[in-house]
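S.K.: Can you read through this structure? Questions will come right after.
The values are calculated or read from the model by the stated rules, or taken from the named source; none is laboratory data. Small disclaimer: the values here were computed from a predicted structure and weren't measured. Methodologically, a virtual Cβ is constructed for each residue, glycine included, from the backbone with ideal geometry; neighbour enumeration extends over all protein chains shown. Side chains are part of the model used for accessible areas, which takes the heavy atoms of the whole protein and leaves out ligands, DNA and RNA. Shrake-Rupley method; radii C 1.70, N 1.55, O 1.52, S 1.80 Å.
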Amino acid sequence: MPAKRTPSAALEAMWDREPKTLAALNKIIKASESLVPGATQAVLGEGPAGAGIAFVGEQPGDQEDLQGRPFVGPAGKLLDRALEEAGLERGEVYMTNAVKHFKFERRGTRRIHSKPTAREVSHYRPWLIKELELVQPGLVVALGATAVLALTGKNIPIVRARGPAEFLDGLPGYITVHPSYLLRLQDDASKKAGFKAFVEDLKRIRALAGNDNRRLPGAGRQRLTAP
């Protein structure tokens, strides 16, 4: 019989050791087992500590799992293009995911993304919160509903919540779509309009991060801080 998997032990170890650096936290995450079977490796966040903007996605995809880097698959390439059009440099922002391992279903030889459950998001949430505490970004961007759930503990429709928000004890945030959503749009007109709106979001994010947003009053930001 295979040994019983206990990925929660990694979380207990993290709190016992209370990592003081991003490298120490990443060492714990990298050594942990996936909550769901099949993932090749944990995919860590990427970017400079102290970045003005941190982007939080849902979970790694097939290419991210294979390469061990966030946002390197089709959605990541689309995000890179949007960042460039918005005047943002990928190397100057921090990128991570709410869930650190790839959850998928096999269809023949293909590995198809499977949406993480609320329980799985909750399992990884302490790592994400600690990660953001150590990175100390000026603005946190939630890309899609799973990221919003991880940052707030609430299921909130993106259509209603899209725009400036407030996460993590008053840290300024912004809610927008995940780039994978744009890839799923059916016709060229919808794809073009969706991408344009996404770029406009990124331009607004760049402007908000350009201010010392942590000293600004919270007017205009939705208060979505998790309990």
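S.K.: Per residue, how much accessible surface does the chain expose to a 1.4 Å probe? Answer in Å², no decimals.
M.R.: Numbers: 11500 Å² over 227 residues.
That works out to 51 Å² for each residue.
S.K.: Please list 3J(HN,Hα) in residue order for the stretch 87-100, calculated via the Karplus relation 6.51 cos²θ - 1.76 cosθ + 1.60 where θ = phi - 60°; whole Hz, with x for glycine and proline.
M.R.: Computed from phi, the couplings for the stretch 87-100 are x, 10, 9, 4, x, 9, 10, 9, 10, 8, 10, 5, 10, 8 Hz.
S.K.: Given a cut-off of under 8 Å on Cα pairs at least six residues apart, what relative contact order in percent is computed for the stretch 54-170?
M.R.: Working: 141 pairs, mean separation 35.9, N = 117.
Relative contact order of the stretch 54-170: 31 percent.
S.K.: If you don't mind, there's one more thing I want to ask. Counting alpha carbon pairs within less than 8 Å and at least 6 residues apart, what relative contact order, in whole percent, applies to the chain?
M.R.: 21
S.K.: Name the shape class, rounded, prolate or oblate, that the alpha-carbon gyration tensor gives for the stretch 10-93, where a ≥ b ≥ c are the square roots of its eigenvalues, rounded holds for a/c under 1.5, and otherwise prolate holds if a/b is larger than b/c and oblate otherwise. All intermediate terms of the calculation are to be shown ahead of the outcome.
M.R.: Numbers: a/c = 3.15, a/b = 1.43, b/c = 2.20.
Here the stretch 10-93 falls in the oblate category.
S.K.: I've got another one for you. Can you list the residues, at least 5 places off or on another chain, whose amide H is less than 5 Å from the amide H of F102, using H built in the peptide plane?
M.R.: Amide H neighbours of F102, under 5 Å, 5+ apart: T40, Q41.
S.K.: Apply the Karplus parameterisation 6.51 cos²θ - 1.76 cosθ + 1.60, with θ equal to phi minus 60°, to every residue of the stretch 42-50 and state each ³J(HN,Hα) to the nearest whole Hz, in sequence, with x for glycine and proline.
M.R.: Once rounded to whole Hz, the list reads 6, 9, 7, x, 9, x, x, 5, x.
S.K.: A further question on this structure: Report the Cα centroid-to-centroid distance between the stretch 22-54 and the stretch 107-139 in angstrom, as an integer.
M.R.: 9
S.K.: Probe radius 1.4 Å, ligands and nucleic acids ignored: give me the carbon and sulfur share of the accessible area of the stretch 135-195 as a rounded percent.
M.R.: Working: 1360 of 2550 Å².
Accessible surface attributable to carbon and sulfur in the stretch 135-195 totals 53 percent.
S.K.: Under a Cβ-only charge scheme (Lys and Arg +1, Asp and Glu -1), can you give me the dipole magnitude of the stretch 98-137 about the Cα centre, in debye to the nearest 20?
M.R.: 340
S.K.: Could I ask something else about it? Please list, in chain and number order, the residues 5+ apart from L168 or on another chain whose amide H is under 5 Å from its amide H, with Hs placed from the backbone.
M.R.: For L168, the qualifying residues are A226.
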